[in-house]
Each structure stands twice: as structure tokens, then as C-alpha cells.
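Engineer: First the structure, which I've put down as C-alpha cells, then a few questions once you've had a look.
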Amino acid sequence: MVLTRKRVLPTAMLDSLSPLIAALRADGYSVIGPTLRDGAIVLAELTSASDLPHGWGVELDAGSYRVRRRDDDAAFGHSSGAQSWKTYLHPAKVPFWTAQKTSDGFTVDVPPPDGIRYAFVGVRPCDLRAIAIQGRVLGSSYAARLESAFIVAVDCTEPGEACFCVTAGGGPACGPGADIQLTETVGPRYLASAQTTIGQAVLDTLPQQPATPAEREQGATAVAQAAERMQRHLPSIDLRDLLSGSRNAARWDEVAQRCLACGNCTMVCPTCFCTSVRDTTDLGGDIAQRWQTWDSCFDLDFSYLHGGPVRTSTSSRYRQWLSHKLGTWHDQFGESGCVGCGRCIVWCPAGIDLTEEVSALAQERQTDHE
Ligand code: SF4
Ligand code: SF4
């Protein structure tokens, strides 16, 4: 896949996604997409379109998630679940090497790349942006996984109650980065367009009809209405400036009284990328392994320097997370680190809402200046 193509308008109408999933599987891809499991919509391997969560939506709030029955059979009538695609592109646990004790020393094996070619079906616009953001941060392993991946993106026609992509620099229409772009319409049926040459090669093999102007209009209207239904918002001010000027805000202590420093927000965030290196041994001491694992700036040890952590309070750790995400990320990577997916709001056990915290910081700053 490529990350630079501009969006191509839909040319085809698909009656089903089964031929697409079958074609990708026949091409050797491990096809990953949303499915219903244990009362939640999760990402898992799809063997056919019947694995998609047809007829299921979600009800979300800060610290609250539940699936609900829809009154239609939409496969993508839900917003993103707890997992993001970093589960596959930037895995939570990666082995670096294994050392095995021998009679005269030890051997070291470095595992080869797993060689899995993923096809991601149902990537939302916010997650498409997050994939690109992580691509600008992470190194060659990520680039190799992404390069071999096939991405089927889906416009968002059903924003979740925690979503705020429109005020996070995005929106419910997919930007660049997909191989095939879909818009789900009534039926469900799917407006489709190829965004890359390999996307076109796959799309050309699928049963389809030409998309009519009325069908295109129906899809465009559904996406535009999704933007209008977005319930949460970031304040329309310079957030980098707000965060850099809020280092001593009283709000950090207030949020720290609720924050459990559990790190859930960083685990579910599709752009959070921090890792640590951990060594393990077996009980006999014959085998040692080095792993790269996800880490979190909410972990006390994360800021361990010269004999102790430098961010000992929860307020300093929450401030670090939010200030990096919305502020200093611009200095490092030239953009915000937040795509407005709302996961950190939904999966925070304390129900802490990033948009509320930013608004409170903006209010505090305004009060200080009056
Ligand atoms: S900070 Fe929250 S809303 Fe923003 S990208 Fe991360 S999880 Fe999504
Ligand atoms: S903001 Fe919420 S999810 Fe994040 S560390 Fe605090 S309690 Fe956990």
C-alpha cells in the first residue's frame, strides 16, 4: 500500500464483501477485521463476511461500552473498539532474541520476521490517520509490516458518542492510505473505489455494478451527516500553545484525584507508541529472552532516570501524556498525536474525558488572563 494517494471517488457498487475477503485470503493475506466476541466488537481473523458484526452497534460514554442490536444489518454500524491496528503493525510484545545455555557458553537466536501479510478490513478514517502517524514515528519493522499490508478502509457513517475526529483535524471520510475505499450504504451494500494499483487489481476481480450518481450521493450524504452528528469536540484554539502555557495549571491536580494511572488510555490509543525492553529467564536459568513490550508514560518506572523516576505524581504523568499528545507531538512530528477516535475516553475506568480536560484547561487559562 502507499500513503500519498489522494482519495479516488467510488466507481463500483458491491452487494457483498464475501468475494473481497475470499480474494484476499486466496492471495495469501491474513484478513483481519471487526467481529463480535464476548459482548464487544474486537479485531480478529475473518474467514468470510459473515464474521463481520452485521446488525450490531455500540453505546458509548466516558468509561462505558456496550454493544446493542441495530435495526438494520450494517457491518460497520459501530465505531472503533478497544483495539486498534497497532495490535498487528506495532505488536504489544515482540521477541528480539533468545539465548540458550550450552556446555561451553551459549547460543543466541534472532527470530526472523513472521512474514505474515495482513489485510485489514474496516479501517476507519481516524485509524487510517493513526497508522500514518505511527509510520512517521516507528522504524523499519513497522514500515515493513505496513508495506506488505493491504488496507480496506471504510468511511464512518455512524460516529460513536465519544468520537471527535472532526475537531482533531480529521473527519468521517477516509483520507489517503487505503488500497480500497468503501462506503457502507443501505442493504448493506458498498460503494467502492481503488486507491492504489494493487487495490485496483483486487477490485477488478470482484462482482460489481457501476456506482450510479444517486448511490454516490447517498454515500456522500451519510458521511456528511456523520460529521454533523459528532457529539464531542476539542476547543478551536491553538492546543499546542494551550498545553505549553498550562504547565502549572491547577487542573492537573484535579484530574489526578480521579486518574488511576492505569495506562489504559495509552494502551488503546492508536498513536501511542512507547516501548520498553524487558529480559526474562526460565526457572532453570538455561534460556534468556529479550522482548520489546508496550510501555506507558503512566507507569512510574517509565521516567526512571539516575536512581529514580522523575515523574512521581499522577498529575505529572497525566500532564506528560496530554501535553505530548496534543502539544509537543507537533514539535517532534509536525502534527497532533490525537486523531479523535475517543478510545481513551471510553476505556478509561475513571471516565476521564480528554475533551473535557482540554476545555477545563482552556477555561482555567482564560480565567487566569482576566
Ligand atoms: S488520545 Fe484518545 S482520542 Fe486521541 S487518538 Fe489517542 S485514544 Fe484516540
Ligand atoms: S486517564 Fe484514565 S485510562 Fe488513563 S491512566 Fe488515568 S485512569 Fe487510566
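Engineer: Looking only at the stretch 117-140, how many residues end up being surrounded by fewer than 24 Cβ atoms within 10 Å (Cβ to Cβ) and charged (D, E, K, R)?
Structural biologist: So the answer is 2.
Engineer: Residues of the stretch 291-311 being under 26 Å from residue 81 (Cβ atoms) and either part of a loop (DSSP other than H, G, I, E, B) or assigned by TED's automatic domain parsing to the domain that holds residue 94 (or both), which ones?
Structural biologist: 295, 296, 297, 298, 299
Engineer: While we're here: Look at the stretch 65-119 and say how many of its residues are aliphatic (A, V, I, L, M) and within 29 Å of residue 20 (Cβ to Cβ). First the steps, then the outcome.
Structural biologist: Step one: list which residues in the stretch 65-119 are aliphatic (A, V, I, L, M), which gives 67, 74-75, 82, 89, 92, 94, 99, 108, 110, 116, 119.
With the extra rule that they be within 29 Å of residue 20 (Cβ to Cβ), the set shrinks to 67, 74-75, 82, 89, 92, 116, 119.
Within the stretch 65-119, residues that are aliphatic (A, V, I, L, M) and within 29 Å of residue 20 (Cβ to Cβ) number 8.
Engineer: Taking residue 312, is it surrounded by 15 or more Cβ atoms within 10 Å (Cβ to Cβ) and more than 16 Å from ligand 1 (Cβ to nearest atom)? Explain how you work it out, then say what you get.
Structural biologist: Values: surrounded by 15 or more Cβ atoms within 10 Å (Cβ to Cβ): no; more than 16 Å from ligand 1 (Cβ to nearest atom): yes.
When the stated conditions are applied, residue 312 does not pass them.
A quick yes/no check of all residues on (1) away from ligand 1 (no atom under 16 Å from the Cβ); (2) buried (at least 18 other Cβ atoms within 10 Å of the Cβ):
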{"position": "231", "(1), (2)": "no, no"}
{"position": "236", "(1), (2)": "yes, no"}
{"position": "239", "(1), (2)": "no, yes"}
{"position": "250", "(1), (2)": "yes, no"}
{"position": "259", "(1), (2)": "no, yes"}
{"position": "268", "(1), (2)": "no, yes"}
{"position": "271", "(1), (2)": "no, yes"}
{"position": "280", "(1), (2)": "yes, no"}
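Engineer: Taking helices (runs of 4 or more DSSP H) that fall entirely within the stretch 202-290, which contain at least 1 residues that are within 28 Å of the chain's Cα centre (by Cα), more than 16 Å from ligand 2 (Cβ to nearest atom) and under 30 Å from residue 178 (Cβ atoms)? It would help to see each step written out before you state the result.
Structural biologist: Numbers: elements: 213-228, 239-244, 251-256, 264-268.
Those helices (runs of 4 or more DSSP H) span 213-228, 239-244.
Engineer: Still on this model: Return a yes/no flag: does the stretch 126-133 have any residue that is over 10 Å from the mean Cα position of the chain (by Cα) and of a type in the set (Lys, Arg).
Structural biologist: no
Engineer: Residues of the stretch 164-192 being under 18 Å from residue 21 (Cβ atoms) and either of a type outside the set (Val, Ile, Thr) or at pLDDT below 95 (or both), which ones? Steps first, please.
Structural biologist: Let us first name the residues in the stretch 164-192 that are under 18 Å from residue 21 (Cβ atoms), namely 178-184, 187-192.
Scanning the stretch 164-192 gives 178, 179, 181, 182, 184, 187, 188, 189, 190, 191, 192.
Engineer: Looking only at the stretch 88-110, which residues are modelled with pLDDT of 95 or more and either assigned by TED's automatic domain parsing to the domain that holds residue 336 or among the small types (Gly, Ala, Ser) (or both)?
Structural biologist: 92, 99
Engineer: Hey, another quick one. For the stretch 98-119, which positions are in a strand (DSSP E or B) and either among the aliphatic types (A, V, I, L, M) or under 28 Å from the mean Cα position of the chain (by Cα) (or both)? Give the derivation first.
Structural biologist: Our first condition is that a residue be in a strand (DSSP E or B); within the stretch 98-119, this holds for 98-102, 105-109, 118-119.
Correct list: 99, 108, 118, 119.
Engineer: Quick one: residue 350 ticks every box in (1) of a type in the set (A, V, I, L, M); (2) out of contact with any Cys (no Cβ under 7 Å at 6 or more places or on another chain); (3) within 16 Å of ligand 1 (Cβ to nearest atom) except a single one, so which number is it?
Structural biologist: Single failed check for residue 350: (2).
Engineer: While we're on this one: Buried (at least 16 other Cβ atoms within 10 Å of the Cβ), under 22 Å from residue 231 (Cα atoms), among the basic types (Lys, Arg) and at pLDDT 95 or above - does that describe any residue in the stretch 62-84?
Structural biologist: yes
Engineer: If we only count helices (runs of 4 or more DSSP H) wholly inside the stretch 312-366, which ones have 1 or more residues that are polar (S, T, N, Q) and away from ligand 2 (no atom under 14 Å from the Cβ)? Show your work before the answer.
Structural biologist: Details: elements: 314-323, 329-333, 343-346.
Of the helices (runs of 4 or more DSSP H) lying wholly inside the stretch 312-366, those with at least 1 residues that are polar (S, T, N, Q) and away from ligand 2 (no atom under 14 Å from the Cβ) span 329-333.
Engineer: Also, quick follow-up: Here is a check on your reading of the model: is residue 278 touching an Asp or Glu at 6+ places or on another chain (Cβ under 8 Å) and either free of Cβ contacts under 8 Å to residues at least 60 places away in the same chain or within 30 Å of residue 352 (Cβ to Cβ) (or both)? Lay out the reasoning, then the answer.
Structural biologist: On the way: touching an Asp or Glu at 6+ places or on another chain (Cβ under 8 Å): no; either free of Cβ contacts under 8 Å to residues at least 60 places away in the same chain or within 30 Å of residue 352 (Cβ to Cβ) (or both): yes.
No; evaluated as a whole, the condition is false for this residue.
Engineer: While we're here: Among the numbered conditions (1) within 12 Å of ligand 1 (Cβ to nearest atom); (2) touching a strand residue (DSSP E or B) at 6+ places or on another chain (Cβ under 9 Å); (3) farther than 19 Å from residue 94 by Cβ, tell me where residue 285 comes up short.
Structural biologist: With respect to (1) within 12 Å of ligand 1 (Cβ to nearest atom); (2) touching a strand residue (DSSP E or B) at 6+ places or on another chain (Cβ under 9 Å); (3) farther than 19 Å from residue 94 by Cβ, residue 285 is out only on (1).
Engineer: Restricting to the stretch 162-221, give me the number of residues that are of a type in the set (A, V, I, L, M, F, W, C) and touching an Asp or Glu at 6+ places or on another chain (Cβ under 8 Å).
Structural biologist: So the first thing to find is which residues in the stretch 162-221 are of a type in the set (A, V, I, L, M, F, W, C), and the list is 162-166, 168, 173-174, 178, 180, 182, 186, 191-192, 194, 198, 201-203, 206, 211, 214, 220.
Add one more test, that the residue is touching an Asp or Glu at 6+ places or on another chain (Cβ under 8 Å), and what stays is 162, 173-174, 182, 186, 191, 194, 198, 202.
Residues that pass the stated criteria total 9.
Engineer: Give, as residue ranges, the strands (runs of 3 or more DSSP E) completely inside the stretch 26-96 that count at least 3 residues that are under 28 Å from residue 233 (Cβ atoms). Walk me through it before giving the result.
Structural biologist: On the way: elements: 30-37, 40-45, 56-61, 64-69.
Output list reads 40-45, 56-61, 64-69.
Engineer: Tell me which residues, restricted to the stretch 19-43, are among the small types (Gly, Ala, Ser), surrounded by 15 or more Cβ atoms within 10 Å (Cβ to Cβ) and free of Cβ contacts under 8 Å to residues at least 40 places away in the same chain.
Structural biologist: 22
Engineer: Among the listed residues 159, 113, which satisfies the condition of being surrounded by fewer than 24 Cβ atoms within 10 Å (Cβ to Cβ) and at pLDDT below 95? Spell out the reasoning first.
Structural biologist: On the way: 159 fails: surrounded by fewer than 24 Cβ atoms within 10 Å (Cβ to Cβ).
From the options 159, 113, the qualifying one is 113.
The values are calculated or read from the model by the stated rules, or taken from the named source; none is laboratory data. The structure presented is a predicted model; accordingly, all values stated were derived computationally and were not measured. Reconstructed Cβ throughout: ideal geometry from the backbone, glycine too, with neighbour counts over all protein chains shown.
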